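The values are calculated or read from the model by the stated rules, or taken from the named source; none is laboratory data. Values in this document were obtained by computation on a predicted structure and should not be read as measured data. Positions of Cβ are backbone-derived with ideal geometry, glycine not excepted, and every protein chain shown enters the neighbour counts. With ligands, DNA and RNA removed, areas are computed over all heavy atoms of the protein, side chains included. Shrake-Rupley method; radii C 1.70, N 1.55, O 1.52, S 1.80 Å.
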Amino acid sequence: MRVLIYGATGYLGGAIVRRLVGEHDVVGFARRADAADDLRTLGADAVVGDLDDISAAVAHVDAADAVIYAAQLLIQPEFDVVEAVIERMAGSGKTLVFTSGTGVLSERTDGDWSENTFAEDDEFVPSKYVGARKRHRRPRPSGCGAGCACDGRPAGHDLGGTVVVR
């Protein structure tokens, strides 16, 4: 399976790349040529681009069987990119995983438990500062037929079995 990863050179995205390389054909989206070289060293393919150029960035979705979005942008640019990815994937049956190490809680814990850690069935009330992000993390009934997933805690370099690509 060919998996495109936005944010592949970041903390969470890099962990996802390392976890999937060897099991899948991984393509990492990188902002700089030297970062793309680092991805290639890990065994992934890489494309260099800028998420500010949405149409060019989203064009890479066509060659992927699944997309993982782990990039961290400001709220509106993130919304614009993710919405464009969803529109591009519409009707394709491809899987989209939208995740964040810190974007849901807006709290840096370096993976440690805090009183703000939530279980799957706990009520979640987002911070007023990141409330707009919550709408990205709900399943989208229309569009690509793929759900968006985020467990709200940074997985970092020890992903274990938390990344599932169908």
**OP:** Output the residues belonging to segment 91-100 that are surrounded by 15 or more Cβ atoms within 10 Å (Cβ to Cβ) and either charged (D, E, K, R) or free of Cβ contacts under 8 Å to residues at least 60 places away in the same chain (or both).
**Re:** Ser92, Lys94, Leu96, Phe98
Original post:
Which one of Ala56, Ala63, Ala71 is of a type in the set (Gly, Ala, Ser), modelled with pLDDT of 85 or more and either open to solvent by less than 20 Å² (accessible area, probe 1.4 Å) or touching a helix residue (DSSP H, G or I) at 6+ places or on another chain (Cβ under 6 Å) (or both)?
Top reply: Ala71
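Please go through segment 29-47 and pick out each residue that is part of a strand (DSSP E or B) and either in contact (Cβ under 8 Å) with a residue 24 or more places away in the chain or open to solvent by 80 Å² or more (accessible area, probe 1.4 Å) (or both).
Listed by number, the residues that qualify are Phe29, Ala46.
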